[in-house]
Amino acid sequence: MKRKFTTIVAALFALLMFTGSEALAAIHQDVQIFTSANQDNQITPKSIEDAFESLGLSVAGNNDMNIPFSKRFGKLHYKIYNLAMFSNTDLTFKLLKKYPQFGALTPLTMSIWQDKNGNINIATLTFYGMARAAKIPANDHDLRAYAALVQKALKKAMPNGHFKKLYYKPSHKGASLQVNFSANVAIEDDESIDDYIDDFEAEFEGEMEPLGFLFPNYTNIQEEIFDDKDYHEYDFYHTYSICKFDVIYPVSKFHPEAGAWAPCSFYIYKKKDENRMYMGFLGVENWITTLNIHDKASIDALKKAQEMIKKILQEQTE
């Protein structure tokens, strides 16, 4: 009996420690919502930004989505609805150095909205969502530090706030759901690597913008982070934040917390010792499977936008 009991305990312990498993993915939420009473309107998107900045989480953009929403769609879902992008330079460097695919979460994002009861809410990814989506081991100390820093910022921004209890049932089964591309890099005799990536990105932007895609943030990781850290393993490493009003507007009606996934971060890089470049972003299935999105308008908008991006990248990398 004692041996049987010991075996059962060991099995349960192994189940809890087997990070990245389907069991773990099913237990934990990928998105968290921090909420606070705000009837006096003392908490604003700007005060939240200031709190994040004070702890070393630089806010690259804090966009009032109600301005373009009112012009484009007329009706607003919330009195306040902002999408913001933020990052910590040191932790971003440490994570990218180990896991180049972390570019799919560089920068991190959050949505800020005021609900009908006057409460202010912030949605961000949880540690588990970050680890799964970016395919990073759940025991990575730098990722845990990043998630802890985000929670610290949330609590500083809203001292009387608390995390909402969410009842989503993630259906991703632990899959990352990244969309990835790669392509050989062939440099002409009279061309530099800088010319090559400039031309590639100009074509990418030129194809995306007429389809309604916006780029609220662009980061030259190589120049802004790697060079400052005296790290020169890449010819280039860039990230884009990509947004489309026709996507976030219908999705935010029922799922304002979707801003934890948006704007979408797209990365593109090439290491010096390789003749191949790599690109990737988090697929819209992340939104659908973690937020239990069921309404057809939201799903159709998400999938249509993703297919547009995939088609452009497929044509550019053929």
Here are some conditions: (1) touching a Pro at 6+ places or on another chain (Cβ under 8 Å); (2) surrounded by fewer than 22 Cβ atoms within 10 Å (Cβ to Cβ); (3) not polar (S, T, N, Q). Cys243 meets all but one. Which one does it not meet? (2)
What residue, of Asp246, Asp235, Asp230, is more than 23 Å from Leu108 (Cβ to Cβ), out of contact with any Ser or Thr (no Cβ under 7 Å at 6 or more places or on another chain) and assigned to a strand (DSSP E or B)? Asp235
Residue check, Tyr231 surrounded by 23 or more Cβ atoms within 10 Å (Cβ to Cβ), more than 20 Å from Asn66 (Cβ to Cβ) and either within 21 Å of the chain's Cα centre (by Cα) or not β-branched (Val, Ile, Thr) (or both): no
Condition broken by Ile187, with the remaining ones in (1) aliphatic (A, V, I, L, M); (2) exposed (fewer than 15 other Cβ atoms within 10 Å of the Cβ); (3) assigned to a helix (DSSP H, G or I) satisfied: (3)
Filter region 246-257 for residues that are in contact with a Leu (Cβ under 8 Å, 6 or more places away or on another chain) and not acidic (Asp, Glu); the one that is surrounded by the most Cβ atoms within 10 Å (Cβ to Cβ) is Ile248
Over region 60-101, the set of residues over 30 Å from Pro137 (Cα atoms) and among the acidic types (Asp, Glu) is Asp64
Answer yes or no as to whether Val284 is crowded, with 24+ Cβ neighbours inside 10 Å and over 23 Å from Gln114 (Cβ atoms). yes
Does Asp273 meet the test of being at pLDDT below 95 and out of contact with any Cys (no Cβ under 8 Å at 6 or more places or on another chain)? yes
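Okay, residues lined up against (1) touching an Asp or Glu at 6+ places or on another chain (Cβ under 8 Å); (2) surrounded by fewer than 18 Cβ atoms within 10 Å (Cβ to Cβ); (3) not hydrophobic (A, V, I, L, M, F, W, C):
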site	(1), (2), (3)
Ser58	no, yes, yes
Arg72	no, yes, yes
Lys94	yes, no, yes
Ile112	no, no, no
Ile120	no, no, no
Arg132	yes, no, yes
Starting from region 192-205, take each residue that is in contact (Cβ under 8 Å) with a residue 60 or more places away in the chain and assigned to a helix (DSSP H, G or I) and list its partners that are surrounded by 16 or more Cβ atoms within 10 Å (Cβ to Cβ) and of a type in the set (Val, Ile, Thr), counting only C-beta distances under 7 angstrom and pairs at least six apart or across chains. Phe204/Ile312
Answer yes or no: is there a residue in region 67-75 that is under 29 Å from Gly174 (Cα atoms) and either without any contact (Cβ under 8 Å) to a residue 40 or more places away in the chain or assigned to a strand (DSSP E or B) (or both). no
Given the conditions (1) in contact with a Pro (Cβ under 9 Å, 6 or more places away or on another chain); (2) modelled with pLDDT under 95; (3) not aromatic (Phe, Trp, Tyr), and given that Thr219 satisfies all but one, which numbered condition is not satisfied? (2)
Is it the case that region 295-309 has a residue that's in contact with a Ser or Thr (Cβ under 6 Å, 6 or more places away or on another chain) and assigned to a helix (DSSP H, G or I)? no
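Matching residues to (1) under 16 Å from the mean Cα position of the chain (by Cα); (2) part of a strand (DSSP E or B); (3) within 15 Å of Ile43 (Cα to Cα):
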| position | (1), (2), (3) |
| --- | --- |
| Tyr78 | no, no, no |
| Ala84 | yes, yes, no |
| Thr92 | yes, no, no |
| Leu96 | yes, no, no |
| Gly103 | yes, no, no |
| Met110 | yes, yes, no |
| Trp113 | no, yes, yes |
| Gly118 | no, no, yes |
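The values are calculated or read from the model by the stated rules, or taken from the named source; none is laboratory data. Since the model is a prediction, treat every value here as computed from it, not as a measurement. Cβ: placed from backbone, ideal geometry, glycine included. Neighbour counts: every protein chain shown.
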